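Any read-out appearing in this document is the output of simple, stated calculations on the displayed coordinates, not a laboratory observation. None of these values were measured; they are calculated from a predicted model. For neighbour counting, all protein chains shown are included, and Cβ atoms are generated from backbone atoms with ideal geometry for every residue, glycine included.
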Amino acid sequence: MSLSLSIFVVDPEVTRAVVGSRDVRVRRAIGGRFKQEMAQDDDYFASEIEAGAPTRYEALTAVVDGGPFNETHTFQYGYAYRMICAFHGRRQWGNSYSPFKFAWLGHVDEALRSLGITAVQVSEFGYGLPAPLPRTDLPGHGVWSPADCATALTQFEAVTEAQLATLDDDVREAVEECAGWLHAARASEGRGVVGFMS
């Protein structure tokens, strides 16, 4: 199965604070900005919705309200949380992480470690959602805190061109894409990197 990453430079504390906030204004603002995208997603997941899954807006409402959650169709809450991150953050675009096989993340993590970059791992973006959101396999979710991003960027800046040259071209491109995310996080105080694997 082919996967992809959606990466956002965002303050993870801000996005987590939306979960369970019951903030109607934020929910309406997010729903308004992503109205067309939500309609397209509902069309894509029409059979799941017919089988009892919430619509994307219903899922967004549950996430903002802190529940209740339909434990049979938890994927919708992950995608709703991704909209919250998109609303509050900046999407990062690139070519290295779409599409890919799950093992690819391990290869990139191995390359990062070989360069001495140990503060972050791309495989973290395959973990679960923040509490109290229910567990779901997809989308996966992970966070690089602002502090982790700062440490990782310092580690990356110590990497030499000779070290980078030892990597395969596609792995090097993926590592440099990670560095781009780290630079974007440093450019916005208090922001880290939040990723979703789907």
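Net charge around ASP65, counting only other residues with Cβ within less than 11 Å of its Cβ (Lys, Arg = +1; Asp, Glu = -1)?
Net of charged neighbours comes to 0.
Considering the options LEU153, VAL143, VAL24, tell which one lies farthest towards the positive end of the dipole of the chain, charges being +1 on Lys and Arg and -1 on Asp and Glu at the Cβ, about the Cα centre.
Of the options given, the answer is VAL24.
Where Lys and Arg each count +1 and Asp and Glu each count -1, what net charge lies around ALA29 among other residues with Cβ under 13 Å from its Cβ?
Spelling it out: positives minus negatives among the neighbours equals +4.
Would you tally the net charge around LEU153, using a Cβ to Cβ cut-off of less than 14 Å, leaving LEU153 out, and scoring K and R as +1, D and E as -1?
Net charge in that neighbourhood comes out at -3.
As a check on your grasp of the helix formula, calculate [θ] at 222 nm for the chain: sum -39500 (n - 2.57) over DSSP H runs of n ≥ 4, divide by the residue count, round to the nearest 500. Numbers along the way, then the final one.
On the way: 10 runs with 103 residues, N = 198.
Here the helix-only value at 222 nm equals -15500 deg cm²/dmol.
Which of the peptides 156-162, 94-100 is most tightly packed, and how do the rest follow, judged by the mean count of other Cβ atoms within 10 Å per residue? Please report the intermediate quantities before stating the final value.
Details: 156-162: 11.6, 94-100: 15.1.
Peptide ranking by packing, descending: 94-100, 156-162.
Which order do the peptides 9-21, 63-75 come out in when sorted by mean C-beta neighbours inside 10 angstrom, highest first?
Ranking, from highest mean packing down: 9-21, 63-75.
Work out the FRET efficiency for ALA17 and SER47 from their Cβ-Cβ distance, taking R0 = 30 Å, and round it to the nearest 0.05.
FRET efficiency, ALA17 to SER47: 0.35.
Can you give me the three principal axis dimensions of segment 5-197 from its C-alpha atoms, in Å, biggest first?
Computed over the Cα atoms, the extents are 54, 33, 26 Å.
Would you work out the charge dipole size for segment 5-197 about its Cα centre, treating the Cβ of every Lys and Arg as +1 and the Cβ of every Asp and Glu as -1, and quote it to the nearest 20 debye?
760
State, as an integer percentage, the relative contact order of the chain based on alpha-carbon contacts under 8 Å between residues 6 or more apart.
Computed over the chain, the figure is 33 percent.
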